[in-house]
Each structure stands twice: as structure tokens, then as C-alpha cells.
1. Taking region 427-458, which trypsin sites (Lys or Arg not before Pro) meet the DSSP loop condition and have no more than 14 other C-beta atoms within 10 Å?
2. Can you tell me the orientation of helix 406-415 relative to the chain, as the angle in degrees between its alpha-carbon axis and the longest Cα principal axis, to the nearest 10?
3. Enter the accessible area per residue of the chain (Å², integer; probe 1.4 Å; all protein chains in place).
4. Note down the net charge around R418, summing +1 for each Lys or Arg and -1 for each Asp or Glu among other residues with Cβ under 9 Å from its Cβ.
5. Anything over 23 Å Cα to Cα? Flag those among K138/K178; K143/K223; K138/K171; K138/K187, in the order listed.
6. Quick one: net charge of S218's neighbours, Cβ under 13 Å, K/R +1, D/E -1?
7. To the nearest 10 square angstrom, what accessible area does K171 show with a 1.4 Å probe?
8. Quick check: at a probe of 1.4 Å, how many percent of the accessible area of the chain sits on carbon and sulfur atoms?
Amino acid sequence: CALSAGMDTPCAVRQIVVRGTAHTRESVIRNELRALKDAHTVGEIQAACLGALSELHQLNLFESADVFCDRAPEDTYDGRFLTDVVITVKEKERLSQASTGFHTSSGGEGSMDANIIVRNLLGRAERYHLLMEVGQQKSNTFKLSVTQPRPAGLDMSICAELSKQTVSHLKHSSFAEKGRLVRLSAKMGTAANAGGCHEFAYDFGLREVCKLPIRTASWSILKERGLSLKSALQHTYTRSTLDHSLAPSRGSLLSLATEVAGVGDVGDASFVKHELNVQTHAPLLPDGQLTLSLGARGGLLLPLSRGERPVTVVDRFFLGGANSMWGFRTHGVGPREVRHTHDGVVGPRTAHDALGGELLGCATLALSGRLPGKLHGHGVCAQAFAQAGTLRALPDLRVEADSGSLLSTVQAIGASMRACVGVGLFMPSPWGRLELNLTHVLRRQPQDLLQRSGIQLGVRAALG
């Protein structure tokens, strides 16, 4: 700032000059400089300029952005300095990302994906994202979204999304899920800030339970066959102080999501769904040599009407598998029903369909530490952990807790708990957190499916 005056010296902005914008509208930049209207001293002008630079960099539009304040040749009528604020930017290419990759879904299916992100086509800092995925079990996804960050300089972003998706659950539950969805969402704040991040969304979608093998699917899955229309409002709150999104050694994470389906009496889906995820990590030794971690995940799904199908199998929770409940196979924990057989004979090896549940609880306690030598440079860590969790269908839980008291309900939940311990290795990677664990199940239920070898490999997305 070329103003030879103290920070408390009265000063006013005469004009704002924007340079270097080939595609971006000047209004995008001027919206971030609105604080200059209320700046009355050299220090306040400098603080407003620094704040604007920070917000402009977060837009991810510019290679560089610089602000220069130059004293104007004249002063105001009351003797205050006048300054010209000149902001110079260098824009990034409009094509932000074009990539392919491989990931594993929560259902254990490997998928290839292609991402294309283009920004600023209209000069308003908007971002266009096209995602295409193809899975090993014939799942596929097509999503197109448009995001407008910081509209009118506000600390929020709005997004419109269209998606068409087919998810195969044939391996675990004898059905495939087709969905066509329109979503409108608004996100305010960031997870790292004191107030956290709030995201509000409205979903309008048509879901279909289809591709059932009629001769072998269980009765419960056969009854789920057909279309379901969902009109839902969602709110998600996230607060994170984690020092690393893939291998944290300190900090905490809180995520709470609530969904209410049946908005406006549109559609046949009618329920309220809550999901909670809490984690805390505390260093026992410096530099990530030893970290104590505690995490808990919970979920509750309640129907809001007594219609024909207020809740379907695609709305329920599932548990089991890598990054879910170690030691068990994918969707291997919780309510199950035997499949039909071609000859009508049911034996101990007859496959079962996972039905999902309305009550979910899972807790993890872990000790981890970085390995020495060359492995330390790659972020490879060793860990030992213990897990306990359960997944229940509410109708079954009401039958077991026949007295209806809180004590009998807690006892019924406790009796269905599963437990597992294990040791393994994990490391952060461009694809997520890679984990390889050797597990041993301490407690199970007769219908559960275990990972027989005890060796499991998983890929987990970033936290927070």
C-alpha cells in the first residue's frame, strides 16, 4: 500500500480498478471488495483488501491476485486521504480437471470413474461438474451439477444437480436400485470454522427396486419391487478440527444429517432419518508416533405414515465390510432372509439377502502410529483397533423388548451387539485412505456373514 500514513489515519476509497479479467465479470471481484464501503482508515482499507484477496483465492479462479493502494492526487473536502484500489488478477484455464480413477463404494463394488470440471464459462465464477462411473457389478452413474460459489459475495454456495444412477445390490440383497434425481442445495460456512458448515438440500427423485432374480430373491425383497417417489428436505451440519483428512493425529469431527421425506405430501416415501458421526483423535506421543482415536456412528430411521411403503430397502442402513464393520463381509451384519432355491431345498449354505435396518450403532477404539524409516516418508501407519456395533430392524426390536420399557430395549440392543478386534496398516493416497487389516470376530449373530480369511482391504474417502 503506497500510503505514507499511519494505520489510524482517516482515509477513503476514490475508485476501484480491476485489471486482468478476460472472462470473469468485474462484479465477481467487486462483490468481494464491498467491505471497502465501510472502511474509514488506512488500517481498515488494508484489512478489507486482505480479506478480499483471501476470498478471491478460495474461488479457485485465479493463478494470482494482487491489490495495490495508491494515494489519489486530491483529498476529500474534509481533509481525508483518498486512495485508488487497483486489483490485478491472472485467470486460470477454464478446464479445471479431466481425470479418470478407480474407487470402491460402500457396498464393496469397484468402479471406474471419469471427472470433468469446467469453470467460469459465463464469467460468474460458476463451476460445472460432470461425473460418470461404471462398476464391476454393472452399476453406473451419471451426474451433472452446476455450482455458484459466493453469490453476491455471500459466504455460501448454491448448487443444482441432475443425476441418473443404477446401483447393483444383487450380490448382497438380490436387487438393483435405479434412481433419477433433481437436487437443489445451499452450503454455508466451512467445516473448519467455529460455526461449522451447514448444508440445506431438497431432493426430488424417482427410485426403483428392479432387476430382481424372481426365482431366487427372498420374499422380503420381492415385496420391495417397484417404483417409489421421494420429495425430501435435508440438513447436514459438519464441524471438523482434524489436522489431516485421511490420517488424523489430533482434532475432532462432528457430522449430523437429518432427512425428512414426504415434503408437501408428494410421493409415497414418508420418513425421518438421522445419521450421526463423531470422532476424536488425541496424540499420546509427538509427531504422530502414537495416537489414540475414538469414533462412533449412529443412525435412526422412523416412518412418518402408515402408507403402503413409507420406507423401502433403499432407505435403510446397512452395516458390515471394510470401513464399516471390520471382520464381517459387506452388508454382512443385521437382518437377513434366506433366498429361494431352484429346487426348493434350503440348507446351511443357502444364500441370504441383507434387508437393512432402521437402528444403527457402531463404535471404534484404535491406537495408531507412524512406522519408521522409508515407510514414514510415505505416511504408512500401523494400527490396532476394537469395534462394536449392531444393526436392528425396529419391528423386531419392539417384539424382543415386549415390555416396551427403556431398560428392556437397551438389553435387546446389547444382546445383538457384534464385536471385532484387529491389527493392520493404513496410508493416505490420492484415492483415499488405504487400509489392510487382519481381523478376528469376538462376537457375532448366527445370520451374520464373516470374512473367513480375516484379511480385509479397504479404501476410505477423506473425512470432514
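The values are calculated or read from the model by the stated rules, or taken from the named source; none is laboratory data. Treat the numbers as computed from the prediction; the structure is a model and nothing was measured. Cβ placement follows ideal geometry from the backbone for every residue including glycine, while neighbour counts extend to all protein chains displayed. Ligands, DNA and RNA are excluded from the accessible area calculation, which covers all protein heavy atoms including side chains. Shrake-Rupley method; radii C 1.70, N 1.55, O 1.52, S 1.80 Å.
1. Here the sparse-neighbourhood loop sites are R452.
2. With rounding to tens, the tilt is 80 degrees.
3. The answer is 52 Å² per residue.
4. Taking every other residue near R418 into account, the sum is +1.
5. Numbers: K138/K178 12 Å; K143/K223 29 Å; K138/K171 11 Å; K138/K187 32 Å.
Those over the limit are K143/K223; K138/K187.
6. Working: positive: R215, K223, R225, R336, R339; negative: E224, E337, D353.
Local net charge: +2.
7. Estimated to the nearest 10 Å², K171 gives 130 Å².
8. Working: 13990 of 24140 Å².
Exposed carbon and sulfur together represent 58 percent of the surface.
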